[in-house]
Amino acid sequence: MPTIADYKLHRVRLELAMPIGDSQVEFAVHWMTVMELTTDDGLTGIGFDLQQGKPTPALAQLEAQFEYNMWPVLKGSNSFAEALRITRPRGGNVGAATLPQAVETAVWDLMGKAAELPLYRLLGGTNPSVPAYGSTLDFHLSDEEFRRRLGEFKTMGFEGIKIKVGHPDVEWDLKRMAIAHEVMGQDADLMIDANEAWSPKEAIRRCHIFQNEGFDIFWIEDPITREDYAGYAQLRGEIPFTRINTGEYLGFSGKRRLLEAGGVDVVNVHGSFGMSRAAAHLAGDFGIPVSLGNTIMEIGVHLAASLPEVLYLEFSDLAWNKLAKEPVKFENSRAFAPDRPGHGIELDRDALAEFSCPE
């Protein structure tokens, strides 16, 4: 069994082609950490971490934190054991890990490479293709910029689109939905995402306005604050004409409470492979499907392809794909998991050098 022998970190700065965000935030730059874990038999697993809103620490500081918090445990360990280990942090250990998602992604990549299987097959999947929708992240775009962005997704063949709502003026929301219908066609699945902009009463009011104006909404995402489980149950009862999609911002225990409250029609999972698989299993016990939110380098396609009852995978066509020699393929409103060992994302070394920002 391969053991982890060495590592390398890269600090990356990626300027976005246009500002992205929602009713609460706006970003123009992505700060990424790229991790390479190497085994004693020469395999390399690649993992990623993303920070928005402020720069990551300088590379030397990242390395010092990683050496102190994580490397003593990882060095010499079995990559299979690291991928499958269950931990329950307590007290001062909560949040103490450095780059845990990058580590998890890298060790799962190592597992797939050692087994000579793509991750979706290692995780039990048989079909690499999953339904995907375009996500515009458009709240801070002008109407014309928004229209062009929708046109790009239309040209790529997407039959489902998610747009941002949650503006103080309901007429703004209605205008954006009208533009989406105009560009994508009324047969396209239309999702809307408010990013916790409303109270339960306001969410109910707005959804009825949208319905009365003729907008058939496939789902509304995160209309109210994440931990208002009773509010979500109220919404689910009073707006039966659309699905409630939420859970993105909740940990496993929060997703369990949401399901127990009867407050969700589609559980949003992404990020950690282990936690997302557990949450999807739990959702299945309640008869609730899941969706996959944005994942760095789109590697969540492997998770989506390994799970039953996945309605959709999100795709926003973000700048991180510049770092991949061959990004995950999207075609005719579907995503295709790479049929290469591990997660299948090979770094473009020239692009990595171009966007590296050690200090």
Distance in Å, no decimals, from the C-alpha centre of segment 15-69 to the one of segment 75-115 is 16 Å
Of the residues Met70, Met32, Pro55, the Cα lying farthest along the dipole of segment 30-77 towards its positive end, which is defined by charges on the beta carbon of Lys, Arg, Asp and Glu, belongs to Pro55
Applying the span-like rule to the chain (DSSP H, Cα extent along axis at least 20 Å, Kyte-Doolittle mean at least 0.0) gives 100-115, 170-184
Filtering chymotrypsin sites (Phe, Trp or Tyr not before Pro) in segment 1-51 by DSSP loop and by at most 15 other Cβ atoms within 10 Å leaves none
Sorting Val107, Pro223, Met156 by the position of each Cα along the dipole of the chain (Lys, Arg +1; Asp, Glu -1; all at Cβ), the one nearest the positive end of that ordering is Val107
Contact order relative to length for the chain, counting C-alpha pairs under 8 Å separated by 6 or more residues, stands in percent at 20 percent
The residues Trp198, Trp71, Trp108, sorted from fewest to most surrounding Cβ atoms within 10 Å, come out as Trp71, Trp198, Trp108
Set Lys8/Lys322; Lys54/Lys175; Lys113/Lys325; Lys75/Lys113; Lys175/Lys329; Lys8/Lys75, cut-off 22 Å on Cα-Cα distance; pairs above it are Lys54/Lys175; Lys175/Lys329
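Only the coordinates and a few stated rules stand behind these numbers; no lab work does. Computed from a prediction, not measured in an experiment: that's the story for all the values here. In this analysis, Cβ positions are derived from the backbone assuming ideal geometry, glycine residues included, and neighbour counts consider all displayed protein chains.
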